[in-house]
Amino acid sequence: MSHEPNGYPPGDNYLNRTKGFLSWITTLDHKRIGVMYLCSVLFFFLVGGTFAIMLRTELLTPKSTTQMPQDTNYKGQHEDFPQKFLFEKDTYNQLFTLHGAIMVFLVIIPSIPASLGNIILPIMLGAKDVAFPRLNLWSYYLYIGGTICFLVTLATTGLDTGWTFYTPYSSSVEYSHTNVIMATMGAFILGFSSIFTGLNFLVTIHTMRPAGMTWFRMPLFLWALYATSIIQVLATPVLGITLLMLIVERAFSIGIFDPKLGGDPVLFQHFFWFYSHPAVYIMIVPGMGVASELITTFSRKTIFGYRQIALSSVGLALIGFLVWGHHLFTSTQSNIANMIFSFLTFFVAIPSAIKVFNWLATLYKGSISFQTPMLYGLAFIILFTIGGLTGIFHATLSTSIHLHDTYFVVAHFHYVMMGSALIAFIGGIFYWWPKFTGKLYSDNLGRIAAVIIFIGFNGTFFPQFVMGAKGMPRRYQNYYAEYQPYHRASTYGSYFMATGFVLAGFTLLQSLVRGKKAPPNPWGGATLEWQTPSPPPTENFYHTPVIDDQPYNYDRQTYLGPEKGWRDDHYAHEWEDMVAHHDIAGTGNGNGQTNGNGH
Amino acid sequence: MADAAHSPNDHGHDDHGHGEHPPHLAHHFDTLHQQFEAGKLGMWAFIAQEVLFFSGLFAAYAVYRYNHPEVFVYASHFLDTSLGFINTCVLLFSSLTMAWGVRCAQIGDRKWLITFLWITILCGFAFMGIKYVEYKAKWEHNTLWGAGYHPNEEAIEHAFSHGHGKDHSDSHFTPPQEPANVRTFFAVYFCLTGLHGIHVIVGIGFLFWLLIRSYRGDFSPEYFAPVDFVGLYWHVVDLIWIFLFPLLYLIH
């Protein structure tokens, strides 16, 4: 083994190989593109989150208006309610629309696949890059193009259609006076960004696996991204054409969705949900992939039911295409169609439950360490279970019609999208942060933040289940005073959760300034990305690794202390490379003391 | 999908430790074969995406046709079947020349590759020209979408007097009763053919790109992937028209 593998100087990695702003925006390196995605996504998470806090603040108090006069509070005592609290009703409509649209299109959909997926997927595959690096950069530029459209919408007229853009309100200039075309154009462009990312991952996984990595030796995160890619490639174009028709409808009154011209507005709902229901799985399936990695790594135990988890991701992707009609139970859909869609929707429970039970079985008798990423992993299991079980209420026709358009729905999809998908995203960031930044953060601060977020999240959304079941409709600015206790609890919960996110952000930023250098494998992860330096070199590995086993073998690892992390005997070759390259702190040859399960 | 064909250019050291690379092998692939397979799969995935992109409009067609068959029977008379037929032949022929071009690229016959690319491009232009003639007639007859549908007498006569012979006087000609919402047909017609037309134009752009590269001598029996992939795209655009023609023009 040469002392300087590949002839690069010690300390060389993907972050410092080239320097300057231009080297970033013209990069074809999947890790840099992933990092750019991560920054953009987190920025829009801040924007969308700010809108959410504004909404919750507005909802602190009920109002007394001419349409809805009220003068007693929930205790039955006399109280003078204000006519308006913070925002006009039009502003409120724009706030919840933009909160939803930004969080869905700009944050959650690109969150795990485009940022963490881009950074990690090729490394997990032992590949040098994704199959089409240039297309990858294009995807990022399309993402930026889409965000610009949204920012222009935000800066000019806003958007008040709800994130679903339902026709004919959205398609007619007489109804919505906001810049619907600009926003839908943004979503259209973002859709193609997502398609190209999915296409890239699909091809990469198919054609660039390393020697010995058969399909059933792939890490589960890759299985999840693979299933997600299928949905991205096959469902997103339908959103594309739908939004294109909406744009044409609004611009030229073409008459496909506008009932005044003989069009069918419900057709829009079918088209929209044909994408947007699978899109729910674009959001949640990668989160499940992250959760699988977190749970097996921090239980130090091979994942239970590997094949079942892997195939259930694909199962979710396929079933996801067959259930869009459950969004139309109250939209003049026939009873037969309602029953069929209701029946099919229950099938979603099977792959979801397979995953949850397998995660629990993995935890059972595992050697669990409660480090920051694991707390998110556990939070994911709990919140996803609540979100999933309340989904059954919506699949059941009789309850679904009662709960339609109430806060129960709001709470349900926040448990799934935020409590599961975004929590997994944050967990994934904390898990892979040392890998792609090369810095260790303060685990204690990270854990405190995780607990605050978990409590704050439940404080925010659990009361919404209750008030939704009691009949509080969604998207309303005003409400009867009897709902005030729930709204207050929800708002205070959201403030608490926001504190947690600020602390989590602080933890990560602090690590960039003061964090210790991360070892290649700080957590004892068994997958390939932990067998290369943190941060990895531009080509990801000094030597292309060879796989000969299932992905979660923890038996051959040795803990060498916090500075050196975990050493894997099977990848002794890579370890020697890293030692030779001074990627591992200290000067030892890596065959140090054995501490066993030293956490 | 041509990305695979280009070597990324932001890596400071281009040929570190990989030995001799074929000139068109990107740094992150091991062999040209792997690169070709990746590109091909990517192209097929893109084509699947294209099919689903169009599927929305085909679904709209199916829904409206199922609910209002009389509209489609009535309105399809306004379309010029002979022009549609000629366009179908033009596109089918262009698919043949495209496929032949791919074959020439595979066996390294640069001269004929260039010839076939030119013929394919000309067919593309011919298709768009005929499409223009058709659109222009729709414009003049006021048979457009939405509120733009209020056909003049000439249009109605043009649509329904076929088979009666040109020498029949106007008094013998009674057009059939017009059903409600014929404009929906034209909404679907213009969306479908318009989107298809845009795809033809994009295809012509790709063909010109291939042409420039063929003149430059980029392609060889070892490396012809871009020709193959553009060919796939061109066939799909052709195939979509093969569905559009009977659905819009022929089914009465």
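All of the numbers you see were taken from the coordinates with simple rules; none came from a lab. Since the model is a prediction, treat every value here as computed from it, not as a measurement. Note that each Cβ is placed from the backbone with ideal geometry, even for glycine, and that neighbours are counted across all protein chains shown.
Summarising the amide proton neighbourhood of A:Lys439: residues at separation of 5 or more, or on other chains, whose placed amide H is nearer than 5 Å comprise A:Ala518. Cβ crowding within 10 Å ranks A:Arg307, A:Arg209 as A:Arg307, A:Arg209, fewest other Cβ atoms first. Taking amide H as placed 1.01 Å from N in the peptide plane, the amide H of A:Thr178 sits under 5 Å from that of A:Asp160, each at least 5 places away or on another chain. Could you tell me the calculated FRET efficiency between B:Arg216 and A:Glu576, based on Cβ-Cβ distance and R0 = 51 angstrom, to the nearest 0.05? So the FRET efficiency works out to roughly 0.65. In terms of its C-alpha gyration tensor, chain B has a prolate overall shape, because the principal axis ratio a/c (a ≥ b ≥ c, square roots of the eigenvalues) is not below 1.5 and a/b outweighs b/c. Pairs A:Lys19/A:Lys517; A:Lys355/A:Lys517; A:Lys31/A:Lys355; A:Lys19/B:Lys40; A:Lys365/A:Lys517: which exceed 26 Å Cα-Cα? From the list (A:Lys19/A:Lys517; A:Lys355/A:Lys517; A:Lys31/A:Lys355; A:Lys19/B:Lys40; A:Lys365/A:Lys517), the Cα-Cα distance tops 26 Å for A:Lys355/A:Lys517; A:Lys31/A:Lys355; A:Lys19/B:Lys40; A:Lys365/A:Lys517.
Which log10 I(q)/I(0) values does segment A:274-423 give at q = 0.11, 0.13, 0.17 Å⁻¹ under the Debye formula, counting every alpha carbon as one identical point scatterer? Values returned for q = 0.11, 0.13, 0.17 Å⁻¹ are -0.43, -0.58, -0.92. For segment A:1-95, take every pair of Cα atoms, bin their distances at 5 Å starting from 0, and report each bin as a whole percent. So the P(r) values, bin by bin, are 2, 10, 12, 11, 9, 8, 7, 6, 6, 5, 5, 6, 5, 3, 2, 2, 1. With contacts taken as Cα pairs under 8 Å at a separation of at least 6 residues, chain A carries a relative contact order of 17 percent.
Within a 10 angstrom radius of the beta carbon, how do A:Met472, A:Met182, A:Met68 rank from fewest other beta carbons to most?
A:Met68, A:Met182, A:Met472
Using θ = phi - 60° in the Karplus curve 6.51 cos²θ - 1.76 cosθ + 1.60, the 3J(HN,Hα) couplings for segment A:361-374 round to 5, 5, 5, 4, 6, x, 9, 7, 10, 8, 7, 3, x, 5 Hz; x is entered for Gly and Pro. Distances between placed amide hydrogens fall under 5 Å for B:Thr143 paired with no residue 5 or more residues away or on another chain. A straight line joining the Cα centroids of segment B:147-162 and segment A:318-371 runs 53 Å. Within the straight-line cut-off of under 28 Å between alpha carbons, the lysines reachable from B:Lys136 are A:Lys260, B:Lys166, sequence neighbours fewer than 8 places apart in one chain being disregarded. For a straight C-alpha distance cut-off of 22 angstrom, the lysines reachable from A:Lys84 (same-chain residues fewer than eight places away being disregarded) are A:Lys63, A:Lys75. Normalised by the number of residues in segment A:272-339, the average gap of Cα pairs under 8 Å and 6 or more apart makes the relative contact order 48 percent. Computed from Cα positions, the angle between helix B:110-140 and the longest principal axis of chain B comes to roughly 30 degrees.
Computed 3J(HN,Hα) for segment A:330-346, one whole-Hz value per residue from the Karplus formula 6.51 cos²θ - 1.76 cosθ + 1.60 where θ = phi - 60°, is 10, 10, 6, 6, 5, 4, 4, 4, 4, 5, 5, 5, 4, 4, 5, 5, 4, glycine and proline marked x. With a Förster radius of 30 Å applied to the C-beta separation of A:Ser331 and A:Tyr74, the computed FRET efficiency comes to 0.35. Listed by chain and number, the lysines placed with their C-alpha closer than 20 angstrom to that of A:Lys516 are A:Lys435, A:Lys439, A:Lys564; residues fewer than eight positions away on the same chain are left out. Between the C-alpha center of segment A:393-426 and that of segment A:78-152 there is a gap of 20 Å.
Per-residue 3J(HN,Hα) values for segment A:153-164, derived from phi via the Karplus relation 6.51 cos²θ - 1.76 cosθ + 1.60 with θ = phi - 60°, read 4, 4, 7, 9, 9, x, 8, 10, 8, x, 5, 8 Hz in sequence order (x marks Gly and Pro). Normalised Debye scattering of the protein assembly as shown at q = 0.10 Å⁻¹ gives log10 I(q)/I(0) of -1.15, counting only Cα atoms as equal scatterers and leaving out solvent.
Footprinting exposure proxy ranking of A:Ser494, B:Ser82, A:Ser369, fewest other C-beta atoms within 10 angstrom first, gives B:Ser82, A:Ser369, A:Ser494. Can you give me the Cα centroid spacing of segment B:81-124 and segment B:176-252 in angstrom? About 13 Å separates the Cα centre of segment B:81-124 from the one of segment B:176-252.
Note on A:Lys260 and A:Val173: the extension gain reaches 30.0 nm, defined as 0.36 nm multiplied by sequence separation minus the Cα-Cα distance. Going by the alpha-carbon gyration tensor, a ≥ b ≥ c the square roots of its eigenvalues, is segment A:513-557 rounded (a/c under 1.5) or, if a/c is not under 1.5, prolate (a/b greater than b/c) versus oblate? Oblate is the answer for segment A:513-557, as a/c is 1.5 or above yet b/c matches or exceeds a/b.
Pairwise alpha-carbon distances in segment A:481-550 exceed 19 Å for 62% of all pairs.
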